[in-house]
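Quick notes on the structure that follows.
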Amino acid sequence: MRLTKFIAILLLVTGFGLSSSLAQNFSESYKFLKAVKELKYQDIKMAIEKGVNINTRDYDDQTTALIKAVRMKEAPLAKYLLGNGAKPDLVGKDGKTALVIAAEFGDRALVAILLEFKADIDLADNNGTTPLIAAVYANNRRVAKLLLKAGADFTLEDYSGRTALQHAIDDKRRRLEIILKDAGATQ
């Protein structure tokens, strides 16, 4: 029985083309993502210094360390990850970028950091929700203004065929409607 288990493990590691160093990399990636989730900054720093793939994805939900940091509203960690090469436009299983998530949360600081690191301001999620539309959903005027100032395209439609202005009107968000119209949006 023990021999069978040993052979099975051996096949998993070598039979599928995984070298022991590659298996170790998987382990290091797991440790890195766990450190991000648990906010263990020293472990995060050490993993990055050792060369972990900063854009590695969680096996279950395909999120990156940056997306995890944004979901936890950890602006300093997000900035650290971006400064060390995290790609701002990668998406998780739900198709959301870090910028769409930050806009949904109405987190102006995170939105500003992501824009500073050249996140695609108009990249939509699986439903066609752009960061600007997400800011309207969140009823966050400050984030909407920041996105508009940075050049967000207010003419883009989600998959329901509605623009940020149409969402603002439909959801009776009068102040956002005014901000969008002042920026040039029309029906």
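Yes or no: residue 33 farther than 29 Å from residue 145 by Cβ and not in a loop (DSSP other than H, G, I, E, B)? Judged against the criteria, residue 33 is a match. For the stretch 150-164, the set of residues classified as on the phi > 0 side of the Ramachandran plot and touching an Asp or Glu at 6+ places or on another chain (Cβ under 7 Å) is empty.
For residue 128, the conditions (1) in a helix (DSSP H, G or I); (2) over 17 Å from residue 63 (Cβ atoms) all hold with the exception of (1). Restricting 23, 8, 47 to those that are farther than 21 Å from residue 112 by Cα, at pLDDT 95 or above, in a helix (DSSP H, G or I) and not β-branched (Val, Ile, Thr) reduces the list to 47. The selection criterion, being charged (D, E, K, R), buried (at least 19 other Cβ atoms within 10 Å of the Cβ) and under 30 Å from residue 34 (Cα atoms), does not hold for residue 73. Of all residues in the stretch 155-165, one or more are surrounded by fewer than 19 Cβ atoms within 10 Å (Cβ to Cβ), aromatic (Phe, Trp, Tyr) and over 21 Å from residue 58 (Cα atoms). Might you check whether a residue that is crowded, with 23+ Cβ neighbours inside 10 Å and in a helix (DSSP H, G or I) occurs anywhere in the stretch 89-96? No, because not a single residue in the stretch 89-96 is crowded, with 23+ Cβ neighbours inside 10 Å and in a helix (DSSP H, G or I).
Taking first residues from the stretch 91-112 that are farther than 12 Å from residue 64 by Cα and partners that are hydroxyl-bearing (Ser, Thr, Tyr) and part of a helix (DSSP H, G or I), the Cβ contacts under 9 Å between residues at least 6 apart in sequence or on separate chains come to 103/137; 104/137.
Only one entry of 120, 153, 107 meets the criterion of being under 20 Å from the mean Cα position of the chain (by Cα) and more than 21 Å from residue 75 (Cα to Cα), and that entry is 153.
Filtering the stretch 135-154 down to residues that are in contact with a Lys or Arg (Cβ under 7 Å, 6 or more places away or on another chain) and crowded, with 22+ Cβ neighbours inside 10 Å, which residue is farthest from residue 109 (Cα to Cα)? Step through it out loud before you land on a result.
First, the residues of the stretch 135-154 that are in contact with a Lys or Arg (Cβ under 7 Å, 6 or more places away or on another chain): 136, 139, 141-143, 146.
Restricting the remaining residues to those that are crowded, with 22+ Cβ neighbours inside 10 Å gives 136, 143.
Numbers: 136: 17, 143: 9 Å.
Filtering the stretch 135-154 for residues that are in contact with a Lys or Arg (Cβ under 7 Å, 6 or more places away or on another chain) and crowded, with 22+ Cβ neighbours inside 10 Å, the one farthest from residue 109 (Cα to Cα) comes out as 136.
Among the residues examined, residue 180 does not qualify as within 24 Å of residue 92 (Cα to Cα) and either buried (at least 18 other Cβ atoms within 10 Å of the Cβ) or touching a Cys at 6+ places or on another chain (Cβ under 9 Å) (or both). Looking only at residues of the stretch 97-125 that are of a type outside the set (A, V, I, L, M) and over 15 Å from residue 140 (Cβ atoms), we find that the one that is surrounded by the fewest Cβ atoms within 10 Å (Cβ to Cβ) is 118.
The values are calculated or read from the model by the stated rules, or taken from the named source; none is laboratory data. Not measured: the values here are computed from a predicted model. Glycine also receives a Cβ, built like all others from the backbone with ideal geometry; neighbour counts cover every protein chain displayed.
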